[in-house]
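Enquirer: Okay, handing you the structure first.
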Amino acid sequence: MTGLAWPILCMVVGLLLLIVEVFIPSGGLIGVLALGLIVVSLWLSFAQSAALGLKFSAALVLLAPMVIAVALHLWPRTPLAKKMFLRPPDPDFDDEFQTEHHRLDHLVGQIGRSLTPLRPSGMVDFEGKRIDAIAEEGLIEAGSLVEALRVHGGRLVVRPAAERRLDDLLE
């Protein structure tokens, strides 16, 4: 082998071992071996000439971050990472939530009756349907008239109906 082959071989193997360190849990042993090979590569290149050593140093400064970025990009696709990371949400679940949200939107501003005490959550009756609701604040007694304010997290947010609104309902 020529004098340039050993430094190149040590650097390539060292950079490959940096990738392997990301995939194989070794307690840092593979990483130490990789850094050792990179240091040997630099030492061998500087032993031949200072200009060659500087070229190897510049190459290492460019290649090491790219190698680490590639390893971190590939990491989530490994079997170990798939066990460690959460799965993305099921698209059907999101559609179900959106459907529930749109199903309750038309109730905003309407008056209904609480079927159970809301402390802060409970059941309310709007248009003859039992709906899970949450009180905006405080306790709402069972049988009280409530006003729908908004839909939040798939639940209807309600508050006790204002007195003037109760009079409007009686007329």
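The values are calculated or read from the model by the stated rules, or taken from the named source; none is laboratory data. The model shown is predicted, which means the values in this text are computed figures rather than measured ones. Every residue, glycine among them, receives a Cβ derived from its backbone with ideal geometry; neighbour counts consider all protein chains shown.
Enquirer: For the structure I just gave you, tell me whether PRO25 is within 30 Å of GLY153 (Cβ to Cβ), under 24 Å from the mean Cα position of the chain (by Cα) and at pLDDT below 90.
Expert: Criteria not met by PRO25.
Enquirer: Another one. Only one residue in ALA81, ALA71 is touching an Asp or Glu at 6+ places or on another chain (Cβ under 9 Å) and within 22 Å of PHE23 (Cβ to Cβ), so which one is that?
Expert: Sole residue among the options that is touching an Asp or Glu at 6+ places or on another chain (Cβ under 9 Å) and within 22 Å of PHE23 (Cβ to Cβ): ALA71.
Enquirer: Still on this structure: In this structure, is SER41 in contact with a Leu (Cβ under 7 Å, 6 or more places away or on another chain) and of a type in the set (S, T, N, Q)?
Expert: no
Enquirer: So, one more: Does PRO91 qualify as being modelled with pLDDT under 85, surrounded by fewer than 10 Cβ atoms within 10 Å (Cβ to Cβ) and either closer than 23 Å to VAL20 by Cβ or of a type in the set (A, V, I, L, M) (or both)?
Expert: Spelling it out, it is not the case that PRO91 is modelled with pLDDT under 85, surrounded by fewer than 10 Cβ atoms within 10 Å (Cβ to Cβ) and either closer than 23 Å to VAL20 by Cβ or of a type in the set (A, V, I, L, M) (or both).
Enquirer: Still on this structure: Residue by residue through region 110-137, note down the ones that are part of a loop (DSSP other than H, G, I, E, B) and either farther than 11 Å from VAL158 by Cβ or basic (Lys, Arg) (or both).
Expert: LEU115, THR116, PRO117, ARG119, GLU127, GLY128
Enquirer: Could you list, in sequence order, all residues of region 128-143 that are within 10 Å of LEU115 (Cβ to Cβ) and among the small types (Gly, Ala, Ser)?
Expert: Within region 128-143, ALA133, ALA142, GLY143 qualify.
Enquirer: With respect to VAL146, determine if the residue is in a strand (DSSP E or B) and modelled with pLDDT under 90. Show your work before the answer.
Expert: On the way: in a strand (DSSP E or B): yes; modelled with pLDDT under 90: no.
No, not satisfied.
Enquirer: When residues of region 122-144 are filtered for being surrounded by 14 or more Cβ atoms within 10 Å (Cβ to Cβ) and not charged (D, E, K, R), how many remain?
Expert: Residues flagged as surrounded by 14 or more Cβ atoms within 10 Å (Cβ to Cβ) and not charged (D, E, K, R) within region 122-144 amount to 10.
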